[in-house]
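Here's the structure, in structure tokens; my notes come after.
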Amino acid sequence: MMRTTISPWEHYGMATTIQQPATTRESTRAISHGVRITLRLRPVIDLTSDQLLELSSLNDDLQLEKSAHGELIITAPAGSDTSDRNAEITFQLRGWAKRDGTGISYDSSGGFILPDGAILAPDAAWVVKSRLEALTPAQREKYLPLCPDFVIELRSPSDHLPAVQRKMLQYLANGTRLGWLIDPSTQNVEIYRPNSPVERLDRPDMVSADPVLSGFTFDFRELWPEP
């Protein structure tokens, strides 16, 4: 397994993945091919978290997020291979979280309101229970108004790598203590920590999340295809 480090700030300035606003027909065609669509809403509409939640319930075949600038981000359902890998990630993280008992894990349908105003749904996340206990029952029924302690993003074939890398840096800037970006196409894992260079692992077998998730070790052999 090769291990390298890169400066996290090198990711800024990379080409954005946001296209020009598309017509409804163009958007539908693009979404059907797995392309992420971003709609600029401000100053016409300032979408609230409750409105985004309602839109998501009306369009449950799509993933809807909101950027820190108020843009609506629309993503198509994952392909079969990506869904299979995401299920494995959720399975391993959930199993450890239930045994450990210090926090709660979430799958890709869980949304979080970040301090910068963005509403994002990582492919997997974990939050310390003490932070959740400070929230009201009403807050816990909606998007959680916090940034997860741990996030995982799984790159799909349609995802532009620089865009996902910027998303990982956004999590760090909003309080995430550990993040993993998993890229099945290269079989690499990028590890993000606050105030540290990004660490890149080449086809790792096992990766520990200590000390943020004490005792959690992920078996990546379940994600990589056989040589």
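No value in this document is a laboratory result; all are computed from the given coordinates. Computed from a predicted structure; not experimentally measured. In this analysis, Cβ positions are derived from the backbone assuming ideal geometry, glycine residues included, and neighbour counts consider all displayed protein chains.
How big is the equivalent ellipsoid of region 80-199 along its three axes, where each semi-axis is √(5λ) from the Cα gyration tensor, reported in whole Å from largest to smallest?
Details: eigenvalues 102, 57, 38 Å².
Computed over region 80-199, the values are 23, 17, 14 Å.
If eta is 1.567 mPa s and T is 4 °C, what Stokes-Einstein diffusion coefficient results for region 128-227, Kirkwood Rh from Cα pairs, in µm²/s? Mind showing how you got there, number by number?
Working: Rh = 14.9 Å.
Calculated translational D: 87 µm²/s.
Once the Cβ-Cβ distance between A173 and R221 is put in as r, and R0 is 41 Å, what FRET efficiency do you end up with, to the nearest 0.05?
0.80
Check cross-link reach from K167 to the lysines: straight Cα distance under 17 Å, and skip same-chain residues fewer than eight apart.
K66
Spelling out what I want: for every residue of region 100-112, take phi, set θ = phi - 60°, compute 6.51 cos²θ - 1.76 cosθ + 1.60 (Karplus), and round to whole Hz; glycine and proline get x.
Rounded to whole hertz, the list is 6, x, 8, x, 10, 9, 9, 8, 6, 8, x, x, 10.
Give the cross-link partners of K129 among the lysines, using a straight C-alpha distance below 19 Å as the criterion and excluding same-chain residues fewer than 8 apart.
Correct list for K129: K98, K142.
Please report D149, D50 as a ranked list, fewest other C-beta atoms within 10 angstrom at the top and most at the bottom.
D50, D149
On each of the three principal axes of the Cα atoms of region 102-146, give max minus min coordinate, whole Å, ordered largest first.
Principal-axis extents of the Cα atoms in region 102-146, largest first: 21, 19, 17 Å.
Which listed residue (Y171, F220, P184) has the Cα farthest towards the positive end of the charge dipole for region 171-227, taking +1 on Lys and Arg C-beta and -1 on Asp and Glu C-beta about the Cα centre?
Y171
Give the calculated FRET efficiency between M206 and V44 to the nearest 0.05, with a Förster radius of 45 Å applied to their Cβ-Cβ distance.
Values: r = 49 Å, r/R0 = 1.09.
With a Förster radius of 45 Å, E is 0.35.
Quick one: order L144, L181 by neighbouring beta-carbon count within 10 Å, fewest to most.
The most exposed by this proxy come first: L144, L181.
How big is region 134-174 along each principal axis, measuring the range of its Cα positions in Å and listing the largest first?
Principal extents (largest minus smallest coordinate, Cα): 37, 21, 13 Å.
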